[in-house]
1. Check region 70-91 and report whether any residue there is part of a loop (DSSP other than H, G, I, E, B), assigned by TED's automatic domain parsing to the domain that holds residue 230, out of contact with any helix residue (DSSP H, G or I) (no Cβ under 8 Å at 6 or more places or on another chain) and surrounded by fewer than 20 Cβ atoms within 10 Å (Cβ to Cβ).
2. Every residue in region 182-222 that is surrounded by 14 or more Cβ atoms within 10 Å (Cβ to Cβ), under 26 Å from the mean Cα position of the chain (by Cα) and not in a helix (DSSP H, G or I), please.
3. So residue 47 passes all but one of these: (1) within 22 Å of residue 136 (Cβ to Cβ); (2) not assigned by TED's automatic domain parsing to the domain that holds residue 168. Which condition number does it fail?
4. Could you check residue 233 against (1) buried (at least 18 other Cβ atoms within 10 Å of the Cβ); (2) over 26 Å from the mean Cα position of the chain (by Cα) and say which number it fails?
5. I'd like the full set of residues that are without any contact (Cβ under 8 Å) to a residue 40 or more places away in the chain and farther than 18 Å from residue 92 by Cβ, limited to region 236-245.
6. Identify all residues within region 28-57 that are surrounded by 19 or more Cβ atoms within 10 Å (Cβ to Cβ) and within 12 Å of the chain's Cα centre (by Cα); write none if there are none.
7. Against the conditions (1) crowded, with 22+ Cβ neighbours inside 10 Å; (2) touching a strand residue (DSSP E or B) at 6+ places or on another chain (Cβ under 7 Å); (3) closer than 30 Å to residue 308 by Cα, where does residue 95 fall short? Just the number, please.
8. Residue check: is residue 168 in a loop (DSSP other than H, G, I, E, B), under 19 Å from the mean Cα position of the chain (by Cα) and either at pLDDT 95 or above or outside the structural domain of residue 222 (by TED's automatic domain parsing) (or both)?
């Protein structure tokens with residue numbers, strides 16, 4: 001089974017989010033890893049863009065924090081190591097995630113962690129540096145704020161490892177190492193990191209504190225920021241990395257399989273407030289086509305919107321990971337490039353029927369952090 005996320009094209013245009021959606025699709029189509037939420041299919045119709053991804057039923061870490069789950073050091077250490085493997089893979093693909101936080105880490109039914117949401121991820125190559133102010137403030141590394149305020153050389157992969165440190169601290173203590181909120185001015189945050197020291201709980205083991213200190217090092221040059229750093233750390237000397245990469249290490253926290261690991265009230269409200277529900281799509285599209293056919297040829301205030309919708313329809317990339325894998329297995333050649341709407345139209349006569357997908361609504365979101 002899979003999870004399906006759908007995004008209304010008109011709303012994406014109005015919110016100026018089309019570029020982010022296309023970038024996320026571009027990245028997800030090129031990557032696959034055991035500790036990521038992987039994309040399997042992408043497709044579209046006149047109204048919406050669809051992404052079909054791994055179905056993870058264990059809920060996100062934000063939800064479990066809100067449920068006052070007490071995470072042990074061993075459990076948090078496992079999450080950190082699984083994220084280390086994910087970030088090491090992303091670095092090999094030249095990708096900075098830029099939004100690692102409990103909200104974006106989903107658990108599977110066995111309790112393993114998977115990183116999701118590449119909406120603001122970026123690709124850097126050949127020694128490039130990122131410079132944009134992007135992320136969720138409480139989890140953003142000091143160099144992101146410093147680069148924005150003072151200029152300089154920008155930032156790189158190290159920022160994601162800082163975010164892992166903030167997440168790990170929060171899971172253990174219930175609050176974050178710095179009192180940062182979305183309303184804080186960027187300039188004040190630059191000053192904060194140079195004046196405030198992180199306070200570690202006296203009940204934590206020396207090994208855990210040592211690991212957190214290396215992840216929460218303000219200077220990125222001295223921060224743990226690679227799998228090699230982690231594997232060489234004395235505090236992680238007993239980690240069986242090969243077993244870990246194959247999910248053979250049993251998590252200390254396993255979500256209850258008899259519970260819904262999201263807020264059902266939020267989900268019900270979302271369904272009630274949804275102005276363009278999927279179950280009414282067929283009737284709505286037929287009505288729209290009839291209206292479009294009877295419209296005169298004069299210019300209207302909706303022409304710009306229609307031009308944008310046409311551009312999305314033309315440029316959207318259709319993706320089928322299973323089909324590409326079969327093709328690679330048969331030919332033993334590199335995966336062919338994903339198809340745009342234009343190439344699909346050109347080869348429509350020779351295409352096989354699309355596979356019916358067992359899919360469900362997107363995994364329930366939980367309340368975001370400030």
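1. yes
2. Within region 182-222, 184, 216, 217, 218 meet the criteria.
3. (1)
4. Unmet condition: (1).
5. 237, 238, 240, 243
6. 28, 35, 36, 37, 39, 53
7. Against the list (1) crowded, with 22+ Cβ neighbours inside 10 Å; (2) touching a strand residue (DSSP E or B) at 6+ places or on another chain (Cβ under 7 Å); (3) closer than 30 Å to residue 308 by Cα, residue 95 comes up short only on (1).
8. Considered against the rule, which asks whether it is in a loop (DSSP other than H, G, I, E, B), under 19 Å from the mean Cα position of the chain (by Cα) and either at pLDDT 95 or above or outside the structural domain of residue 222 (by TED's automatic domain parsing) (or both), residue 168 comes out as no.
The values are calculated or read from the model by the stated rules, or taken from the named source; none is laboratory data. The model shown is predicted, which means the values in this text are computed figures rather than measured ones. Glycine gets a Cβ as well: all are built from the backbone with ideal geometry, and neighbour counts include every protein chain shown.
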